[in-house]
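Step one of this worksheet: look at the structure below.
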Amino acid sequence: MCINISECFPLSWSSMGRSGMRSMVGTSEGAGRLSHMQVCRFDTSSIIDRAGYDDETRLLCLRFLDTGCYFYFEVPRSLFDALCAADSAGQFFNEHIKGRFRFERDPDQKRFGPRRRA
């Protein structure tokens, strides 16, 4: 049950405005199974670029700067909200998400290599 990275993060992402350290950009129409993906971006994180969450499927998508996108299953909405509000996205991930949920790597992403912000 994998989805394509473009379903998780819209192509128009770079054209969306930023406000403060993180910007909530509302919903995006996703193809396939994801119809209303909430997205937040972490402008100052050295680990996580952005996160997306779908309420219907309880799917959390995290795009890491160095390793690409991972999908975490059956994640409560409250954890996504707390992640977006956290002072340190990486620390929050390590303390509350990593090792606690089933996950899959996006098969369309290359295995290793830097993925830096433009």
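The values are calculated or read from the model by the stated rules, or taken from the named source; none is laboratory data. This is a predicted model, so every value here is computed, not measured. So basically every Cβ, Gly included, is an ideal-geometry build from the backbone, and we count neighbours across all protein chains shown.
Starting from residues that are surrounded by 13 or more Cβ atoms within 10 Å (Cβ to Cβ) and part of a loop (DSSP other than H, G, I, E, B), keep the ones in segment 67-97 and report whichever is modelled with the lowest pLDDT. By that ranking, first place goes to THR67. Counting the residues of segment 98-118 that are at pLDDT 95 or above and under 19 Å from CYS40 (Cα atoms) gives 1.
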